[in-house]
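Take a look at the structure below.
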């Protein structure tokens, strides 16, 4: 082997090294993430409630991070939700078995399922809160997630607390097929109706991204529906809709800002203001002390009736 061949082979090795990209696991475990200005320390992002200082993008959060930002660290209590005896009713297999996918998701997120539930106080009002983690199989809903939501609603009913649901995820999980649809859409909607029968507020906050069967069921049945700044909320994908209607869609199509303009969402709120806004709403709905300026007790009653009529 002459020196030219050796040089060429060495050059190929250098090319391979330069082309090698970090794995998804390495990226997840890194201290860095990226946004509009390039690399940004995750620690700096967390200190700003996972909102970019430069562009205002609301980055996705885990359930624990959501509870920490909403209640404040150590100001809430996690509620353990039941798991179904069989999480893989169809023994699903594609390029990988569903059981293995579940194991990987649980290890990666340190969660039993995509949804976690907590209880805490907002402006001295006890609330039950559910949140979804998109990192757990895209936040999709299957048996365990449905059970978690129903259990959270039951906790609200038993303790007479409002229920707040931070909704995100790609929809119903295909690995459970129609079982996901009946549990995730039908059963959760029936449970939510029990909240309304008992006149307990159900407040939804749509966070990025919220799609498919989630936005077609419990995400759109709230008494009050809020959206976190910049969140995507849709049923079908943009390209599918565009191919169906055969016309160009606005740039902000399927954003919560677009949905607010067209009456599907009541208000778009910055993450820093969510606790304040939801606290004020609950104060009015439950006739508690509120920062909202009201002229008299009669005006409070009138506002309450208007809100409940609008919600129904």
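Beta carbons closer than 7 Å, at least 6 apart along the sequence or on distinct chains, pair a first residue in segment 244-267 that is under 23 Å from residue 219 (Cα atoms) with a second that is part of a loop (DSSP other than H, G, I, E, B) and modelled with pLDDT under 90 for 258/250; 258/252.
Annotation: of all residues in segment 244-257 being under 19 Å from residue 171 (Cβ atoms) and exposed (fewer than 15 other Cβ atoms within 10 Å of the Cβ), the one that is modelled with the highest pLDDT is 253. Here 102, 137, 143 are screened, and the one residue that is touching a helix residue (DSSP H, G or I) at 6+ places or on another chain (Cβ under 7 Å) and either within 13 Å of residue 87 (Cα to Cα) or not assigned by TED's automatic domain parsing to the domain that holds residue 67 (or both) is 143. Of all the listed residues (187, 178), the sole one being outside any strand (DSSP E or B), without any contact (Cβ under 8 Å) to a residue 40 or more places away in the chain and over 19 Å from residue 265 (Cα atoms) is 178. Contact annotation: residue pairs with Cβ atoms under 8 Å, 6 or more positions apart or on different chains, pairing a residue in segment 92-108 that is without any contact (Cβ under 8 Å) to a residue 60 or more places away in the chain with a partner that is assigned to a helix (DSSP H, G or I), are 102/137; 105/137. Quick check on residue 255: is it more than 13 Å from residue 226 (Cα to Cα) and out of contact with any helix residue (DSSP H, G or I) (no Cβ under 8 Å at 6 or more places or on another chain)? Against the criterion (more than 13 Å from residue 226 (Cα to Cα) and out of contact with any helix residue (DSSP H, G or I) (no Cβ under 8 Å at 6 or more places or on another chain)), residue 255 does not qualify. Among the residues of segment 196-223, those identified as surrounded by fewer than 20 Cβ atoms within 10 Å (Cβ to Cβ) and either more than 18 Å from the chain's Cα centre (by Cα) or outside the structural domain of residue 118 (by TED's automatic domain parsing) (or both) are 196, 197, 198, 199. Take the conditions touching a strand residue (DSSP E or B) at 6+ places or on another chain (Cβ under 8 Å), on the phi > 0 side of the Ramachandran plot and modelled with pLDDT of 90 or more and apply them to residue 230. Does it pass? Judged against the criteria, residue 230 is a match.
Among the residues of segment 196-227, just one is out of contact with any strand residue (DSSP E or B) (no Cβ under 8 Å at 6 or more places or on another chain) and at positive phi, namely 199. In a residue-by-residue description of segment 225-237, the property of being closer than 17 Å to residue 63 by Cβ, buried (at least 17 other Cβ atoms within 10 Å of the Cβ) and in the same structural domain as residue 132 (by TED's automatic domain parsing) applies to at least one position.
Residue 65 fulfils the conditions (1) more than 20 Å from the chain's Cα centre (by Cα); (2) assigned to a helix (DSSP H, G or I); (3) closer than 30 Å to residue 126 by Cβ except for a single criterion, (1).
What strands (runs of 3 or more DSSP E), lying completely within segment 74-175, carry at least 3 residues that are modelled with pLDDT of 95 or more and surrounded by fewer than 17 Cβ atoms within 10 Å (Cβ to Cβ)? Answer list for segment 74-175: 76-79. Between 233, 205, 210, the distinction of being touching a helix residue (DSSP H, G or I) at 6+ places or on another chain (Cβ under 7 Å), without any contact (Cβ under 8 Å) to a residue 40 or more places away in the chain and closer than 26 Å to residue 50 by Cα belongs to 233 only.
The values are calculated or read from the model by the stated rules, or taken from the named source; none is laboratory data. Just so it is clear, the model here is predicted, and its values are computed rather than measured. Here the Cβ is made from the backbone with ideal geometry for all residues, glycine too, and neighbour counts use every protein chain on show.
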